[in-house]
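The values are calculated or read from the model by the stated rules, or taken from the named source; none is laboratory data. Note that this is a predicted model, so its numbers are computed, not measured. Here Cβ is always computed from backbone atoms with ideal geometry, including for glycine, and neighbour counts include all displayed protein chains.
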Amino acid sequence: MRQMALTTFVMPLGYHRNSWRRPGSRAEEVPGLDFLTDIARTAEAAKLDALFFGDIVHATATMRGDTMMNGFFEPMTTLAALAARTENIGLIGTLSTSMYEPYNAARLLASLDHLSGGRAGWNIVTSADGYRNFGIPAAPDPELRYRRAAEFVSVVRQLWDSWSDDAVVVDRASGAWLDTAKLRRIDFEGEFFQVEGPLNMPRSPQGRPVLVQAGSSGPGMALGTAVADAIYTAQPDYRQAVEFYASVKKMIADAGRNPDQVKVLPGIVPVVADTQAEADEIAAELSSFLDVEQGRTQIAGDLGVDLSDLELDEPVPVERFDGIGKLSSRQGIYRRKSVEQGLTLRELIFDRARSTGHQWIAGTPATIADRMQEWFETPACDGFNLNSPYNPDGFERICTKLVPELQSRGLFRSEYAGPTLRDQLGLPRPDVRF
């Protein structure tokens, strides 16, 4: 029976903006390891497939007062620490192809896979901001960024495959720890990179860490469908999610890959309570923490346009969107909600605060599971990336109330399938021998 993949986007301050103001949020412990460990162990007790850490390599949003999309936790070091405090759950970290070199990335991710016993995953992204922190005067054109990203991933995969699976022999009698004939240089020369290789560590437990891609733009979809094992996406509308799912699966097949082995995982922000009235009360409380003018500044920053002259109770004029040029997938969601659905600036601020373009739902475990089951069975997805609206209580409710409801319906497993992240996702281990 087909079952959901479920991962969680770890944001200790909560996915709903300003939810850290709620009493008991443990906001004083960010950034720190103990609070993260509790979140990780709660997720592992629920048998979630993986923890997912995003990354921001600049403080632009933070300077606007946005404490949600931040880089308070650097993914690779954080996941390495959590690897020692967990046993089964996958560890997916974001690493930008715009700010790293392929050899460093290959080493970091392979090392995490070794240290965790085969639980590492890489969320592949390009960066639209932060370049001046790396001595680059401006962000490259998106098409150039994704061209670099495709080459970057190709180099990393070749480096991971530069050791044969049986290179390590540990022959005490001869004194040979490895068979050097089973290592090879990759001698890569491309548009962006020249890399000799081989990697300086053996193939990892999974052969290659799991590859994840987040982005629904044209170039992002092209990269994801060509290389990713899972695709994260923001899909707030059911009908569009169905269309996106069908389109992605076709692109995967057209790339000569098995569509059943690539998981499409839209984000969902569930406010879970025992009754609908309680869920609505929690949702209202979360909204009460929002600073509307701060929200105006944050949306203006997202769009890169001035919104200071707009009344809160009028929509953002279409001309403001048209002046941006080519919209990102997230900017396109803002445009649809403002121009096509008629959301006022105030409503857009509140919508962004609670969902950031993802699906938002407040309800009982049964009603939320009904929605998730409909999406899964249509199909509009292969599972979900769970975004906890507030912590720690909001996440505990997801793991102890919503996930058991999904398990009782046979939609999610009750035990881990094996020791590696590939085991959880039902993915084969790539074998390399030479």
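Below are the figures for this structure:
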item	result
Residue selected from segment 373-404 under the condition of a type in the set (Asp, Glu) and touching a residue at least 24 places away in the same chain (Cβ under 8 Å), by the criterion nearest to residue 20 (Cα to Cα)	393
Given (1) closer than 27 Å to residue 114 by Cβ; (2) surrounded by 15 or more Cβ atoms within 10 Å (Cβ to Cβ); (3) of a type in the set (A, V, I, L, M, F, W, C), number of the condition residue 173 does not satisfy	(2)
Residue in segment 115-138 that is at pLDDT 95 or above, assigned to a helix (DSSP H, G or I) and out of contact with any Cys (no Cβ under 8 Å at 6 or more places or on another chain) present	yes
Pair list, Cβ < 7 Å and 6+ apart or interchain, from segment 153-167 residues that are touching a residue at least 60 places away in the same chain (Cβ under 8 Å) and buried (at least 19 other Cβ atoms within 10 Å of the Cβ) to residues that are of a type in the set (D, E, K, R) and not in a loop (DSSP other than H, G, I, E, B)	163/182; 164/182
All positions within segment 327-356 that are on the phi < 0 side of the Ramachandran plot, more than 23 Å from the chain's Cα centre (by Cα) and not in a helix (DSSP H, G or I)	341, 343, 344
Tally of residues being within 19 Å of residue 432 (Cβ to Cβ), free of Cβ contacts under 8 Å to residues at least 12 places away in the same chain and not hydrophobic (A, V, I, L, M, F, W, C) across segment 181-212	2
Scope segment 39-89; condition of a type in the set (A, V, I, L, M), at pLDDT 85 or above and either assigned to a loop (DSSP other than H, G, I, E, B) or closer than 19 Å to residue 298 by Cβ (or both); matching residues	46, 48, 56, 57, 59, 84, 89
Identity of the residue in segment 319-335, at pLDDT 85 or above and surrounded by 17 or more Cβ atoms within 10 Å (Cβ to Cβ), that ends up nearest to residue 240 (Cα to Cα)	335
When residues of segment 1-25 are limited to those that are part of a loop (DSSP other than H, G, I, E, B) and surrounded by fewer than 18 Cβ atoms within 10 Å (Cβ to Cβ), the one modelled with the lowest pLDDT	1
Search result, residues across segment 300-319 that are under 29 Å from the mean Cα position of the chain (by Cα) and assigned to a helix (DSSP H, G or I)	300, 301, 302, 303
Residue match in segment 125-135 (condition: surrounded by 17 or more Cβ atoms within 10 Å (Cβ to Cβ) and of a type in the set (Val, Ile, Thr))	yes
Number of the condition not met by residue 275 [criteria: (1) within 27 Å of the chain's Cα centre (by Cα); (2) touching a residue at least 60 places away in the same chain (Cβ under 8 Å)]	(1)
Residue 242 of a type in the set (A, V, I, L, M) and either under 24 Å from residue 125 (Cβ atoms) or in contact with a Leu (Cβ under 6 Å, 6 or more places away or on another chain) (or both)	no
